[in-house]
Amino acid sequence: MSIFQFIRSKRFFKQLAMAVLGTLVFVFVLKWWFGVTTNHDQKIQVPDFQKVTLTEVVKKLKELDLRFEVIDSASYNPDYPNKSVIEQSPEAGEFVKEKRKIYLTLNPSKYRDVVLPDLNGRTKRQAMTHFRSIGFKIGTFSYVKDIGKDVIRGMKHKGKKIHPGEKLPKNSTIDLILGDGKQ
C-alpha cells in the first residue's frame, strides 16, 4: 500500500479524528484543572498600609490570608511613625490571590548614625557644604582667638564638644567653633 492510498483510507481518517478529539479533550481537562487549582476567580484587594505599624499589618494580613516579608528599612522619614510601612508591593488597591506575599519597606526608628569627618583647618564654607552633603544641619557659630579667620577649630552638639570620628544621628545640628582672625 502506498502512502497516497493510506492517506485516502478510512483507517487514516479514523486515527486522525481520534487524535484531534483526544487533543481537544486533553486541552479542556487541562483548562478546567488549572481553573480549579489556581483559584482563578479569587480576588483579594490589597489594603493601604501607609503609616500603619507592623503589628497592625500582621493582624490585617492574617484576616485576609496573605503573607508578608520586610525587604528593607528605608532612610528615616520623620513624617511616618517608627516601624511603620513606607512602601508596599503590590500597591494598595491591587487584587491578589490568597497566600500571596506582600513586600513591605519600613521606617527605621531613628536616623542612621554618621561618622563626623575631620574638618579642622578647613574654611567655614567648606565645612558647611561638607556637613550638609552628609546630612547634618549647621547651627550657631562661636569664635575663639585664632589667626585663621572663619577656619574650623572645633565642633559642638547640644552644647557638648564633639570630635572627629564620633557618630551622630543624621539630621543632627552641629555648632561650629571658628577662628576669629585675630592674634
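The values are calculated or read from the model by the stated rules, or taken from the named source; none is laboratory data. Because the structure is predicted, anything quoted here is derived from the model rather than measured. So basically every Cβ, Gly included, is an ideal-geometry build from the backbone, and we count neighbours across all protein chains shown.
Mind listing whichever residues of region 89-137 are touching a residue at least 40 places away in the same chain (Cβ under 8 Å), within 17 Å of Met155 (Cα to Cα), in a loop (DSSP other than H, G, I, E, B) and among the charged types (D, E, K, R)?
Asp118, the sole residue that qualifies.
What tally of residues in region 1-60 results from selecting those that are closer than 30 Å to Phe95 by Cα and either in a helix (DSSP H, G or I) or hydroxyl-bearing (Ser, Thr, Tyr) (or both)?
So the first thing to find is which residues in region 1-60 are closer than 30 Å to Phe95 by Cα, and the list is 27-60.
Narrowing the set further to residues that are either in a helix (DSSP H, G or I) or hydroxyl-bearing (Ser, Thr, Tyr) (or both) leaves 27-38, 53-60.
Counting residues in region 1-60 that are closer than 30 Å to Phe95 by Cα and either in a helix (DSSP H, G or I) or hydroxyl-bearing (Ser, Thr, Tyr) (or both) gives 20.
Of the conditions (1) surrounded by 15 or more Cβ atoms within 10 Å (Cβ to Cβ); (2) in the same structural domain as Gly154 (by TED's automatic domain parsing), Asn120 satisfies every one except a single condition; which number is it?
Result: Asn120 fails condition (1) only.
Just give me the residues in region 108-128 being of a type in the set (Ser, Thr, Tyr) and closer than 27 Å to Ser73 by Cα, in sequence order.
Across region 108-128, the qualifying residues are Ser109, Tyr111.
If you take the residues in region 130-161 that are among the hydroxyl-bearing types (Ser, Thr, Tyr) and more than 14 Å from Asn171 (Cα to Cα), which one is nearest to the chain's Cα centre (by Cα)?
Step one: of region 130-161, the residues among the hydroxyl-bearing types (Ser, Thr, Tyr) are 133, 140, 142-143.
With more than 14 Å from Asn171 (Cα to Cα) added as a condition, the list becomes 140, 142-143.
Working: Thr140: 35, Ser142: 41, Tyr143: 43 Å.
That would be Thr140.
From the list Tyr103, Tyr111, Tyr143, exactly one residue is modelled with pLDDT under 90 and hydroxyl-bearing (Ser, Thr, Tyr). Which is it?
Only one candidate passes the filter, namely Tyr111.
Is it the case that Leu61 is touching a residue at least 40 places away in the same chain (Cβ under 8 Å) and within 30 Å of Gly135 (Cβ to Cβ)?
So Leu61 fails the test.
Would you call Phe131 loosely packed, with under 12 Cβ neighbours inside 10 Å and not basic (Lys, Arg)?
The answer is no for Phe131.
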